[in-house]
Amino acid sequence: MSVEQGQRDTQSATALSERAGPVARMAAILRLARVSLFCGWIMLLASSCIVAGPPENRNPAQTRPTLDVYQATPSASRVLVVHTNDLVKISVPLRSEDAGEALRGVFLVDYNAGSLGLLQNSQDIAASTYADDGRQVTLDWTVPSLPPPGCHLLSLIVAHDSSFGSNPNYVLKQDAANRDAAVINWWLNDLDADGPNKISALGDCPTVGIPTK
């Protein structure tokens with residue numbers, strides 16, 4: 001081998017050696033990229049398999065009943081002229097969240113701070129939810145004789161069973177009037193009560209509240 005041929009071989013080996021370094025580094029980078037890509041796919045698949053747990057099931061809290069005065073029949077915005085033995089059909093839409101506890105609806109005449117009034121009807125109302133907008137309190141009420149003539153008050157009071165006392169069972173407990181009770185009132189002008197003046201003015205009607213015990 002000539003000296004010139006040896007020099008050419010040495011230069012070729014040096015060139016190959018110089019090219020081998022970048023190639024090795026490129027191969028290492030590609031291997032790292034493949035590993036990173038694989039890890040990324042694993043993480044993506046793992047995250048896509050995470051299933052959220054069911055929402056926490058919380059029982060809704062009991063709410064005070066709501067009576068729809070605007071949809072009530074008869075209207076509570078005017079005085080009702082009645083006669084003894086008249087039949088008055090009463091219907092009042094009701095909504096409430098009851099948390100499993102039944103309601104009670106009580107109709108009374110002249111129920112106020114000074115009197116327990118005259119009980120006309122007491123009815124149980126099955127428990128439901130506030131989303132139930134189809135409930136109504138209904139009563140076909142026959143007007144009794146209501147002396148003295150003139151001004152009387154018919155009230156519907158609705159509250160949960162536990163808000164009423166036991167004796168009598170249509171009177172609210174001490175704290176229930178402002179906490180759990182709903183009330184709607186109809187003013188009556190009774191024209192057939194006993195007495196010489198069967199048609200009287202309503203100017204002497206008392207201020208009425210919800211009695212408690």
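The values are calculated or read from the model by the stated rules, or taken from the named source; none is laboratory data. Everything quoted here is computed from the prediction, not taken from an experiment. Reconstructed Cβ throughout: ideal geometry from the backbone, glycine too, with neighbour counts over all protein chains shown. These accessible areas exclude ligands, DNA and RNA; they are computed on the full protein's heavy atoms, side chains included. Shrake-Rupley method; radii C 1.70, N 1.55, O 1.52, S 1.80 Å.
In this rough spin-label picture, where each label sits 7 Å from Cα along the Cβ direction, the Tyr70-Trp187 distance is 2.2 nm.
Highest-first packing order for the peptide set 119-125, 163-169 is 119-125, 163-169, based on the mean count of other beta carbon atoms within 10 Å.
For the residues Tyr111, Tyr130, Tyr170, Tyr70, a 1.4 Å probe over the protein chains yields an accessible-area ranking, largest first, of Tyr70, Tyr130, Tyr170, Tyr111. Taking the average, over residues, of other Cβ atoms within 10 Å as the packing measure, peptides 139-151, 79-91, 179-191 rank 179-191, 139-151, 79-91 from highest down. When every Cα-Cα distance of segment 68-168 is counted in 5 angstrom steps from zero, the calculated P(r) takes the values 2, 11, 21, 24, 18, 14, 7, 3, 1 percent.
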